[in-house]
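Undergrad: Before I ask anything, here is the structure I am working with.
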Amino acid sequence: MREEFLFNSEEEFCAKLREVSQSGVDRRKIRTITPYFVYELDEIIQAPASNLKFFTLFGAVLGFITGMSLTIYTVLSWPLITGGKPFISLPPFLIIGFEMTILLGGVTSFLGFLLIARLPRIKDMAPDKEYGNQFVIVVEKE
Amino acid sequence: MHNSAHVLELNNQLDNDILAAMRKPSTLYWFALAVCLFVVMIGGALWGYQIVTGMGVAGKNNPVGWAMYITTFVFWVGIAHSGTLISAVLLLFRAKFRSRFNRSAEAMTIFAIMTAGLFPLIHMGRVWFFYFVMPYPNQRQLWSNFRSPLVWDVFAISTYLTISLVFFYVGMIPDFAIVRQRASGIRKWIYGVLSVGWRGTETQWRHYNQLCILLAAFATPLVVSVHSVVSWDFAMAILPGWHTTIFAHYFVAGAIFSGTAMVFTLVIPMRKIFHLERYITLEHFESLTKLLLITSLIVSYAYIVEFLLAFYSGNPFEKSIFVYRATGDYAGLFWIMVFCNCVAPLILFVKKIRRNLVVLFIVSILINIGMWFERFVIIVSTLSHDFLPYAWGLYKPTLVDTGIVIASFAWFFLFFLLFAKTLPILAITEVKEVSAKGEHHA
């Protein structure tokens, strides 16, 4: 069994959510759908912080290692002095390392987001019911 | 509550007003699209002619080997910058007026990089060998020279395009879900797939919000690095007028300046055509104008410092190139640049003018012109007048390179026109979010 509440404004939605949440309903039994990001929401239901940053960190570190190893490996695989500079010229290689950090960090964040937000969801691409600009609280009950 | 129905109505109205831009295009739209397409085709034909005949038709020759193409490349990379700045940096600073400009600015970024990316290829001559700049394993065991700024460019620009695309797409996911709700037939399916099944649940929003902040945190240093790398294409060479340490910040400020001007050039007509006066107000324009004014002052300051650095350098070549810029063969262009970038924007100190869209539009066009000439002056004056007077020579544009440069503008506007009819032109969910909180903090 499930109970569904629809609201037209953010204030009413937050008030009801606070009430439901304080009445002792388990956080995992409450589902909300909002037309835009509501700041108070996470605070009211005491949601844990997003873990996305770990994906980002992983991607960024991987990117930096990729950039640095690509430049250092290639310059050592055909050691040819150009411009009288040392083989491993760190300042220019750091630029490649930096760009790769951002590239892989950004792309991994996006893929990580899709993974932990359980997207894409095929059946929700054309859902049976759309709520438009309404704020929705669904409480699952056994 | 008595006003809750009113809030719902306002939000529905907002959806309608913004999505109205995606309705069936008018005859004028088709005409504009056809003109752009025609000019792009002429540009393509000119490029074909250049490939078949040889690079001589492009007017660049010794000593000026970098001319219109590289000028325009730097110009378009610069235009791209403001998009990321407006969306990422203003997101991190929580500037609320950003929600009115970020979508068009991000679209502008992507189309500008797509335009900029063509120019190294056109400039390259034998374009079918473009993959030589990429590091790839080959039987000759040759790799790219990672000490070359041109290779940094490849990495910087391709990273910039990828991250901007991700940022642009991520920003549109909740808006695609709104379009999906209101579309029908095949369009419903297309936007449904693009929305990746977005519902707006608590979990989705929580991770989404974190993703936007993380991407903005990446995009901010990226935007600074990209134009720095572009400036090092010049600064790493030992030519007088190029070999200077202020180039990176000077170029980044100039890029943000020109990009913000282009946002005005695009958004002022867009607001009028799609009747968005209720959503993009004069206050929003005024906030963005302040960014234009401050970057103009930074650019003017950089011009002055550049001259002072040359005069205090004790280097006769360095001094001579700056005297040449202001009084030599290209002095006219130099003074156009000074007028457009340093003098004309000063009228934005007047509050009344900051709220006058006609004047703002004219100033934005002047800045676009001025910033194109800035790059031309930097590139061509140095090359035509370097160390050896015996090797001095002038550059004259030809029909082919001028035509290709003009076509690049048509190419850019072509994509922007397509964007205006196929994607939501304003960040709908963000505008709702900001409106719900009241904009007095903006």
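The values are calculated or read from the model by the stated rules, or taken from the named source; none is laboratory data. Source: prediction; values computed, not measured. Every residue, glycine as well, gets a Cβ built from its backbone with ideal geometry; the counts of neighbours run over all protein chains shown. With ligands, DNA and RNA removed, areas are computed over all heavy atoms of the protein, side chains included. Shrake-Rupley method; radii C 1.70, N 1.55, O 1.52, S 1.80 Å.
Undergrad: Quick one: dipole size for the range B:220-333, taken about the Cα centre, charges +1 on Lys/Arg Cβ and -1 on Asp/Glu Cβ, in debye to the nearest 20.
TA: For the range B:220-333, the charge dipole is close to 200 debye.
Undergrad: Please compute the length gained on full extension between residue B:359 and residue B:309, using 0.36 nm multiplied by the number of residues separating them and subtracting their Cα-Cα distance.
TA: Full-extension gain reported as 14.5 nm.
Undergrad: So what's the gap between the Cα centers of the range B:35-103 and the range A:91-142, to the nearest angstrom?
TA: So the separation of the two Cα centres works out to 31 Å.
Undergrad: Something else: How about the range A:1-74: which trypsin sites (Lys or Arg not before Pro) there are in a DSSP loop, with at most 14 other Cβ atoms within 10 Å of their Cβ?
TA: Passing both the DSSP loop test and the Cβ count: no residue.
Undergrad: When Rg is the radius of gyration of the Cα atoms in the range B:333-430 and Rh is its Kirkwood radius, what does Rg/Rh come to?
TA: Rounded to two decimals, Rg/Rh equals 1.11.
Undergrad: Give me the base-10 log of I(q)/I(0) for the range B:233-372 at each q in 0.13 Å⁻¹, Debye formula, one uniform scatterer per Cα, rounded to two decimals.
TA: -0.62
Undergrad: Here is a follow-up. Does the range B:182-290 classify as rounded, prolate or oblate by the C-alpha gyration tensor (a ≥ b ≥ c root eigenvalues; a/c under 1.5 gives rounded; else a/b over b/c gives prolate, otherwise oblate)?
TA: Prolate shape, in that a/c is at least 1.5 and a/b is the bigger ratio.
Undergrad: Under a plain spin-label model, where a point goes 7 Å from the Cα along Cα-to-Cβ, how far apart in nm are residue A:4 and residue B:169?
TA: 3.2 nm
Undergrad: What Kirkwood radius, in Å to one decimal, follows from the Cα pairs of the protein assembly as shown?
TA: 26.0 Å
Undergrad: Given a 1.4 Å probe and every protein chain left where it sits, what share in percent of the accessible area of the range B:102-152 is carbon and sulfur?
TA: 69 percent
Undergrad: Could you state, as a whole-number percent, how many of the C-alpha pairs of chain A are farther apart than 27 Å?
TA: Roughly 49 percent, once rounded to a whole number.
Undergrad: Using Stokes-Einstein with the Kirkwood hydrodynamic radius over Cα pairs, what translational diffusion coefficient do you get for chain B at 4 °C and a viscosity of 1.567 mPa s, in µm²/s rounded to a whole number?
TA: D = 56 µm²/s.
Undergrad: In addition: Of B:279, B:184, B:68, which is farthest on the positive side of the dipole of the protein assembly as shown, counting Cα position, with +1 on Lys and Arg Cβ, -1 on Asp and Glu Cβ, and the Cα centre as origin?
TA: Sorting the options by dipole projection puts first B:184.
Undergrad: Work out how far the C-alpha atoms of the range B:122-182 reach from end to end along every principal axis, then list the three figures in whole Å, largest first.
TA: Per principal axis, max minus min of the Cα coordinates gives 56, 23, 23 Å.
Undergrad: Also, quick follow-up: Over 14 Å apart: what share of the alpha carbon pairs of the range B:379-442 falls there, rounded to a whole percent?
TA: Counting every Cα pair in the range B:379-442, those more than 14 Å apart make up 76 percent.
Undergrad: Cα gyration tensor of the range B:41-198, axes a ≥ b ≥ c as square roots of the eigenvalues: rounded (a/c below 1.5), prolate (a/b > b/c) or oblate?
TA: Judged from the Cα gyration tensor, the range B:41-198 comes out prolate (a/c at least 1.5, a/b above b/c).
Undergrad: Work out the FRET efficiency for residue B:437 and residue B:30 from their Cβ-Cβ distance, taking R0 = 41 Å, and round it to the nearest 0.05.
TA: That gives a FRET efficiency of 0.55.
Undergrad: Filter the cross-link list B:290/B:421; B:24/B:437; B:24/B:188; A:53/A:129 down to pairs whose alpha-carbon distance in this structure exceeds 27 Å.
TA: B:290/B:421; B:24/B:437; A:53/A:129
Undergrad: How large is the charge dipole for the protein assembly as shown, taken about the Cα centre, if only the Cβ atoms of Lys, Arg (+1) and Asp, Glu (-1) carry charge, to the nearest 20 debye?
TA: With Lys and Arg at +1 and Asp and Glu at -1, about 560 debye.
Undergrad: Right, here's the next one. Trypsin sites (Lys or Arg not before Pro), restricted to the range B:122-223: which are DSSP loop and have at most 13 other Cβ atoms within 10 Å?
TA: Hits after loop and neighbour filter: B:126, B:140.
Undergrad: Highest GNM mean-square fluctuation, chain A, Cα pairs closer than 10 Å: which of A:87, A:58, A:110?
TA: Of A:87, A:58, A:110, the most mobile in the Gaussian network model is A:87.
Undergrad: Farthest toward the dipole's positive end in chain B, which of B:383, B:248, B:162, given Cβ charges of +1 (Lys, Arg) and -1 (Asp, Glu) about the Cα centre?
TA: Checked the options; the winner is B:162.
Undergrad: A follow-up question, please. Kyte-Doolittle mean at least 1.0 and Cα extent at least 27 Å along the axis: which DSSP H helices of chain B qualify?
TA: Result, helices passing both filters: B:27-53, B:149-182, B:247-273, B:282-312, B:357-376, B:399-422.
Undergrad: On to the next question. If R0 is 25 Å, what FRET efficiency do you get for residue A:76 and residue B:150 from their C-beta distance, rounded to 0.05?
TA: 0.70
Undergrad: Still on this structure, please answer the following. For the residue pair residue A:94 and residue B:158, what label-to-label distance in nm results when each label sits 7 Å from Cα along the Cα-to-beta-carbon direction?
TA: Using points 7 Å along Cα→Cβ, the separation is 2.4 nm.
Undergrad: Now for a different question. What is the distance, in nm, between label points placed 7 Å from the Cα along the Cα-to-Cβ direction at residue B:298 and at residue B:277?
TA: Between residue B:298 and residue B:277, the simple spin-label model gives 3.4 nm.
Undergrad: Further question on the same structure: Would you mind giving the three semi-axes, in whole Å and largest first, of the ellipsoid equivalent to the range A:52-116 according to its Cα gyration tensor?
TA: 31, 9, 7
Undergrad: Could you size up the charge dipole of chain A around its Cα centre, putting +1 on the beta carbon of Lys and Arg and -1 on that of Asp and Glu, and report it in debye to the nearest 20?
TA: 640 debye
Undergrad: So for the protein assembly as shown, taking the charge dipole from beta-carbon charges (+1 Lys/Arg, -1 Asp/Glu), which of B:198, B:171, B:399 sits furthest toward the positive end?
TA: B:399
Undergrad: Quick one: pull the percent of accessible area on chain A belonging to carbon and sulfur, 1.4 Å probe, ligands and nucleic acids left out.
TA: 64 percent
Undergrad: Estimate the FRET efficiency between residue B:339 and residue B:239 by the formula 1/(1 + (r/R0)^6), using the beta-carbon distance for r and 25 Å for R0, to the nearest 0.05.
TA: 0.45
Undergrad: Quick one: divide the alpha-carbon radius of gyration of the range B:1-86 by 2.2 N^0.38 Å and tell me what you get.
TA: In units of the 2.2 N^0.38 Å rule of thumb, it is 1.95.
Undergrad: Ignoring ligands, DNA and RNA, what percent of the accessible area of the range B:387-442 is carbon or sulfur (1.4 Å)?
TA: So the carbon and sulfur contribution to the accessible surface is 74 percent.
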